[in-house]
1. What is the one condition in (1) modelled with pLDDT under 80; (2) under 25 Å from His90 (Cα atoms) that Tyr48 does not satisfy?
2. Under 16 Å from the mean Cα position of the chain (by Cα) and in contact (Cβ under 8 Å) with a residue 40 or more places away in the chain: is that true of Leu91 in this structure?
3. Name the single residue, out of those in segment 44-68 being in contact (Cβ under 8 Å) with a residue 24 or more places away in the chain and more than 16 Å from the chain's Cα centre (by Cα), that is surrounded by the fewest Cβ atoms within 10 Å (Cβ to Cβ).
4. Hey, any hits in segment 140-154 for a residue that's more than 25 Å from Phe15 (Cβ to Cβ), modelled with pLDDT under 80 and of a type in the set (Phe, Trp, Tyr)?
5. List pairs: first residue in segment 155-171 and in contact (Cβ under 8 Å) with a residue 60 or more places away in the chain, second residue not in a helix (DSSP H, G or I) anywhere in the structure, Cβ distance under 8 angstrom, at least six positions apart or on different chains.
6. Could you tell me whether Tyr135 is touching a Phe, Trp or Tyr at 6+ places or on another chain (Cβ under 6 Å), at pLDDT 80 or above and in a helix (DSSP H, G or I)?
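The values are calculated or read from the model by the stated rules, or taken from the named source; none is laboratory data. Being a predicted model, the structure only gives us computed values, none of them experimental. No Cβ is skipped: glycine too gets one built from the backbone with ideal geometry, and neighbour counts run over all protein chains shown.
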Amino acid sequence: MKDYFVGLKKLPFGFRLLPGLILSLSVTNLLSIQKMSQYIPNYSFYFYLLVFPILFISGIFLLKLKEWARMAVLIISLLASIELAISVPHLIDNAHKYYIKEFMNIEDHLEAMMNSQGHSINSMGETGLLNKDFYVSSQCGFVEAGIVYSFLLYFCSIFYFTRPKVIKLFKN
């Protein structure tokens, strides 16, 4: 495996992995923030609209061993964990409502399409192709998986970047 250097310092694998995950989280969430705005509270939307670009920039500068980037990631991880813990019930409830409404829109479009072709929506529903509970629970499952992934990443960041060996990398 190729060695990565910042100046003359060799970075450990965990140190390269965590900034990569931070960068992927921030980019993914920045690209999907409009979709998330459908079911996250307004205060969360603006919080993350501010936090994700800062997290992205900090992720880049972590690889350059900038102490301010380490502190920024620690502070953001702590604040985002608190914000996420506060908004989880609201987030899941809104996601559930959003996906029920989305399912109803899909069902309406399918019904119009089936009627235009001379078929009944009931015949399609009986085959199990339209299952509201399955659709809503699977979509909400993606939201819940994102919540778990975010919590894990925030807690791993806090744990990893407060380790003495890692702090020493930034002090040299």
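1. (1)
2. Values: under 16 Å from the mean Cα position of the chain (by Cα): yes; in contact (Cβ under 8 Å) with a residue 40 or more places away in the chain: yes.
Yes.
3. Among residues in segment 44-68 that are in contact (Cβ under 8 Å) with a residue 24 or more places away in the chain and more than 16 Å from the chain's Cα centre (by Cα), the one surrounded by the fewest Cβ atoms within 10 Å (Cβ to Cβ) is Lys64.
4. no
5. Matching pairs, first to second residue: Leu169/Lys9; Leu169/Leu11; Leu169/Leu65; Phe170/Leu65; Phe170/Lys66.
6. Numbers: touching a Phe, Trp or Tyr at 6+ places or on another chain (Cβ under 6 Å): yes; at pLDDT 80 or above: no; in a helix (DSSP H, G or I): yes.
Criteria not met by Tyr135.
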